[in-house]
1. Can you go through Leu112, Leu152 and tell me which one is modelled with pLDDT of 95 or more and open to solvent by 20 Å² or more (accessible area, probe 1.4 Å)?
2. When you go through Thr89, Thr3, Thr37 one by one, which is the residue that is open to solvent by 10 Å² or more (accessible area, probe 1.4 Å), in contact with a strand residue (DSSP E or B) (Cβ under 7 Å, 6 or more places away or on another chain) and at pLDDT below 95?
3. Among the residues of the stretch 220-229, is any open to solvent by 20 Å² or more (accessible area, probe 1.4 Å), farther than 24 Å from Gly111 by Cβ and in a loop (DSSP other than H, G, I, E, B)?
4. Determine if the stretch 223-246 includes at least one residue that is at pLDDT below 85, closer than 30 Å to Ile36 by Cβ and of a type outside the set (Asp, Glu).
5. Select, from Arg184, Arg178, Arg220, the only residue that is touching a residue at least 24 places away in the same chain (Cβ under 8 Å) and of a type in the set (Lys, Arg).
6. Answer yes or no as to whether Leu88 is without any contact (Cβ under 8 Å) to a residue 40 or more places away in the chain and either under 16 Å from His203 (Cβ atoms) or touching a Gly at 6+ places or on another chain (Cβ under 9 Å) (or both).
7. All but one of (1) touching a helix residue (DSSP H, G or I) at 6+ places or on another chain (Cβ under 7 Å); (2) touching a residue at least 40 places away in the same chain (Cβ under 8 Å); (3) not polar (S, T, N, Q) hold for Lys28; state the number of the condition that does not hold.
Amino acid sequence: MATAYFVSDVHLGDMQSPRARSFVQFLKDLGTTKPITHLFLLGDIFDLWIGDHQYFKDKFQEAIVEIRRLLQQGVQVHYFEGNHDLYLTQFWQTQLGATVYPGPALFLLDGLSVRVEHGDQMDPEDRGYLFLRWFLRTRCMRFISKVLPGPLVAKIGEQASHASRKYTTHTKTIDKDRALSVIRQHAKKVIQEKPFSVIVTGHVHISDDYQFEFQNNTVRSINLGSWMDHPFILKIENGTVAVENMNLEYS
């Protein structure tokens, strides 16, 4: 039987911030007070993580320690690259043991078919961002990210991260109705490719829990929003799907 937790868009930066402390505590609870078999990280867990630089491993050591503990306990950790965390394979998969995904993936949890993705490809009309997403993942950019010193990568990346966060938070959510329409239409589109019971996304900083019918079955589309606004997690246990409000108070 599976007990899976899904988390998206935590945007960890300052590890002493209330948000970061809350996230680390959440990780500490997993596998101790909260049983778990699967942990799904849907991208933008960090406000910036690029490649295998020691800079990022040092900065986010507390979170890494807890995720390593879960892996050692046999928990399956699935990490989906976002637009703030790139080139994760070498460290997160090869060294740590998580499974890294550059795009969507389908999972079967106690007979429940679940599609998981970061969500930054949901809007086909957002050609500017889709081009940027492609450009950041070219061989040239991958090479540059490897050869530059970690602090320099961080300095450049932090500027890009700030711009990306501002764009995601304001531009993509300025029209809530349109944002919700994008999330929901995406679910209805991709289910035609390979049916699922639940789709879980992030990226767009609006939480949404929506149901629709497909081939006489009720399908659930869940967008987890952002911990920058209000932290939600998704829990799937024994085939039951529940969105949980973390009830955290940020100062």
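1. Testing whether each residue is modelled with pLDDT of 95 or more and open to solvent by 20 Å² or more (accessible area, probe 1.4 Å) leaves just Leu112.
2. Numbers: Thr3 fails: at pLDDT below 95; Thr37 fails: at pLDDT below 95.
The unique qualifying residue is Thr89.
3. Start the filter on the stretch 220-229 by keeping residues that are open to solvent by 20 Å² or more (accessible area, probe 1.4 Å), which leaves 220, 228-229.
Remaining after also requiring farther than 24 Å from Gly111 by Cβ: 228-229.
Among the residues that remain, those that are also in a loop (DSSP other than H, G, I, E, B) are: 228-229.
There is at least one residue in the stretch 220-229 that is open to solvent by 20 Å² or more (accessible area, probe 1.4 Å), farther than 24 Å from Gly111 by Cβ and in a loop (DSSP other than H, G, I, E, B).
4. So in the stretch 223-246, the residues at pLDDT below 85 come out as 229-230, 246.
In the following step, the residues that additionally are closer than 30 Å to Ile36 by Cβ were identified as 229-230, 246.
In the following step, the residues that additionally are of a type outside the set (Asp, Glu) were identified as 230, 246.
Yes, there is a match, as at least one residue in the stretch 223-246 is at pLDDT below 85, closer than 30 Å to Ile36 by Cβ and of a type outside the set (Asp, Glu).
5. Values: Arg178 fails: touching a residue at least 24 places away in the same chain (Cβ under 8 Å); Arg220 fails: touching a residue at least 24 places away in the same chain (Cβ under 8 Å).
Residue meeting the stated conditions: Arg184.
6. Working: without any contact (Cβ under 8 Å) to a residue 40 or more places away in the chain: yes; either under 16 Å from His203 (Cβ atoms) or touching a Gly at 6+ places or on another chain (Cβ under 9 Å) (or both): yes.
Judged against the criteria, Leu88 is a match.
7. (2)
A quick yes/no check of all residues on (1) free of Cβ contacts under 8 Å to residues at least 24 places away in the same chain; (2) more than 17 Å from the chain's Cα centre (by Cα); (3) open to solvent by less than 30 Å² (accessible area, probe 1.4 Å):
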{"position": "Ile64", "(1), (2), (3)": "no, no, yes"}
{"position": "Leu70", "(1), (2), (3)": "no, yes, yes"}
{"position": "Tyr79", "(1), (2), (3)": "no, no, yes"}
{"position": "Leu108", "(1), (2), (3)": "yes, yes, no"}
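The values are calculated or read from the model by the stated rules, or taken from the named source; none is laboratory data. If you're wondering where the values come from, they're calculated on a predicted model, not measured in any experiment. A quick note on method: Cβ atoms are made from the backbone with ideal geometry, for glycine too, and the neighbour counts reach across all protein chains shown. Note: accessible area is taken over every heavy atom of the protein model, side chains too, but ligands, DNA and RNA are not part of it. Shrake-Rupley method; radii C 1.70, N 1.55, O 1.52, S 1.80 Å.
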